[in-house]
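The values are calculated or read from the model by the stated rules, or taken from the named source; none is laboratory data. Keep in mind that what you see is a predicted model, and the values were worked out from it rather than measured. We place every Cβ from the backbone using ideal geometry, glycine too, and count neighbours over all the protein chains shown.
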């Protein structure tokens, strides 16, 4: 079993990584492998709602990290997406990538356990956390929780390590992720539905 840990910070070894690493250490204790994926600092294209992916099963934009991220998320048994908090929201580059990944390939992530984590210096954690969780809930993924909202606080990696409660939350998340993955591995297949999806409509434009 493998969990993909997505570092949505421009800093490869910063605060977000430090929080994700606490999860990786706990997963290892429970025999679950983890892999880090750093989005880096290269420019990324956001979704333009062209619907190319609906006909061609892939995003119209090629050659950037979004393609690689989609394949790694599809192959992973579980996913954790981490981000720093910028103006009470996740990193904009991360959201641009996730918009494209989930819009073009969200069906490939269905029923995978997933979790979001955020790091902030002071405030805005819960708003950023909520934003990331919406990617999972619209894709029928199973959101993994911990003992509090999944956030750490600190301006440097050293600060994050001193956030004892935050690190404990990350460890709890790691334990719960490992537990759920093992339940899925040994349990029944997820429910299937042949029901045609219905979209809200407003007759006569009302």
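Of note:
- Selection over the range 135-144 of residues that are exposed (fewer than 15 other Cβ atoms within 10 Å of the Cβ) and in contact with a strand residue (DSSP E or B) (Cβ under 8 Å, 6 or more places away or on another chain) gives a count of 2.
- Positions within the range 180-206 being in contact (Cβ under 8 Å) with a residue 24 or more places away in the chain and loosely packed, with under 10 Cβ neighbours inside 10 Å, in sequence order: 185
- Screening the range 1-85 for helices (runs of 4 or more DSSP H) wholly inside it with 1 or more residues that are modelled with pLDDT of 95 or more and under 20 Å from residue 113 (Cα atoms) returns the ranges 15-29, 65-75.
- Condition check for residue 100: crowded, with 17+ Cβ neighbours inside 10 Å and more than 30 Å from residue 188 (Cα to Cα): yes
Conditions tested, residue by residue: (1) over 27 Å from residue 171 (Cβ atoms); (2) touching a strand residue (DSSP E or B) at 6+ places or on another chain (Cβ under 8 Å); (3) crowded, with 18+ Cβ neighbours inside 10 Å.
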| position | (1), (2), (3) |
| --- | --- |
| 18 | no, yes, yes |
| 29 | no, no, no |
| 47 | yes, no, yes |
| 80 | no, yes, yes |
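- Residues (part of a loop (DSSP other than H, G, I, E, B) and in contact (Cβ under 8 Å) with a residue 24 or more places away in the chain) located in the range 138-155: 138, 139, 140, 141, 144, 145, 146, 147, 149, 150, 154, 155
- So residue 127, is it under 25 Å from residue 87 (Cα atoms) and in contact (Cβ under 8 Å) with a residue 12 or more places away in the chain: yes
- Residue that is modelled with pLDDT of 95 or more, out of contact with any helix residue (DSSP H, G or I) (no Cβ under 8 Å at 6 or more places or on another chain) and either outside any helix (DSSP H, G or I) or within 22 Å of residue 30 (Cβ to Cβ) (or both), where the choices are 158, 185, 165: 165
- Annotation: of all residues in the range 156-179 being in contact with a strand residue (DSSP E or B) (Cβ under 6 Å, 6 or more places away or on another chain) and touching a residue at least 12 places away in the same chain (Cβ under 8 Å), the one that is nearest to residue 76 (Cα to Cα) is 177.
- Being free of Cβ contacts under 8 Å to residues at least 40 places away in the same chain and in contact with a helix residue (DSSP H, G or I) (Cβ under 8 Å, 6 or more places away or on another chain) holds for only one residue in 116, 105, and it is 116.
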